Structure formats: structure tokens, C-alpha cells
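I have a structure I would like to understand better, so I am pasting it below and will then ask my questions one at a time.
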Amino acid sequence: MAAGVVDIDRLLEVRPGFRGGRPCLRGTGITVHTIAAHHLQGMSPEEILDGFPQASLAGIHAALAYYYANRAEVDADSSNDRVLGDQAIERQEREWDEPGGRNIS
């Protein structure tokens, strides 16, 4: 590989036990899922970078390439997260409404 050429695989990392083992922009902890979610809300890579200045534009593009190459898997993970989040909210609301719970109304 020519000097100065960046291997795209070096822009992302997966570490077991970190961020659920999901791919992240190397050295940032920003998941591909997060980048994809912002992009799917209509943000350009440059706009996403404005919100994550610790990232690089190349990293944002690498995350989007990973997302589009593995879209079904990433979307399924994101869907599972929404379900788990909804369940946690419902559980918390039930606990707050129980006698002696944290009902603040």
C-alpha cells in the first residue's frame, strides 16, 4: 500500500465487552449504529462530524460504508435496542406506580 494511504479497516474497531461488541469509530466509542441513526435522520457526514468533533470525516464515511454493507444486522440490533428501552421504561413506570414507589404526581 502506498505511503499515506489509510486502510479503511483501521478506521473502525470492535472490542468484546465494549459498547456491546458493536463496531465503533476507532478510539472514540462512537458506534456505527449511532452514525447510521443520524444519517438516516437526514444528516450529511459533515453534519454528523459537527456533532462528534472527536471523530474524523473518514471515520464517519467508514461507519456508513459498514452500515450499508451490513444493514440488516445493524438495523436488527437497533430495533432490539428500542424494544429493550421500551421494556425498561415500562418496568420503571410500573415500579413508580406501586404503593411506596416513586410516584411523583
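The values are calculated or read from the model by the stated rules, or taken from the named source; none is laboratory data. Just so it is clear, the model here is predicted, and its values are computed rather than measured. Glycine gets a Cβ as well: all are built from the backbone with ideal geometry, and neighbour counts include every protein chain shown.
Tell me, which residue of the range 47-63 that is touching a residue at least 12 places away in the same chain (Cβ under 8 Å) and surrounded by fewer than 18 Cβ atoms within 10 Å (Cβ to Cβ) is farthest from Asp9 (Cα to Cα)?
Residues of the range 47-63 touching a residue at least 12 places away in the same chain (Cβ under 8 Å): 48, 51-52, 54-63.
Now restrict to residues that are surrounded by fewer than 18 Cβ atoms within 10 Å (Cβ to Cβ): 51-52, 54, 56-58, 61.
Numbers: Gly51: 23, Phe52: 20, Gln54: 18, Ser56: 14, Leu57: 15, Ala58: 11, His61: 12 Å.
Out of the qualifying residues, it is Gly51.
Would you confirm, using the coordinates I've provided, whether Arg10 is part of a loop (DSSP other than H, G, I, E, B), charged (D, E, K, R) and more than 11 Å from Leu64 (Cα to Cα)?
Criteria not met by Arg10.
Can you find, within the range 15-68, the residue that is modelled with the lowest pLDDT among those that are in a loop (DSSP other than H, G, I, E, B) and in contact with a Lys or Arg (Cβ under 7 Å, 6 or more places away or on another chain)?
Looking at residues that are in a loop (DSSP other than H, G, I, E, B) and in contact with a Lys or Arg (Cβ under 7 Å, 6 or more places away or on another chain), I get Gly29.
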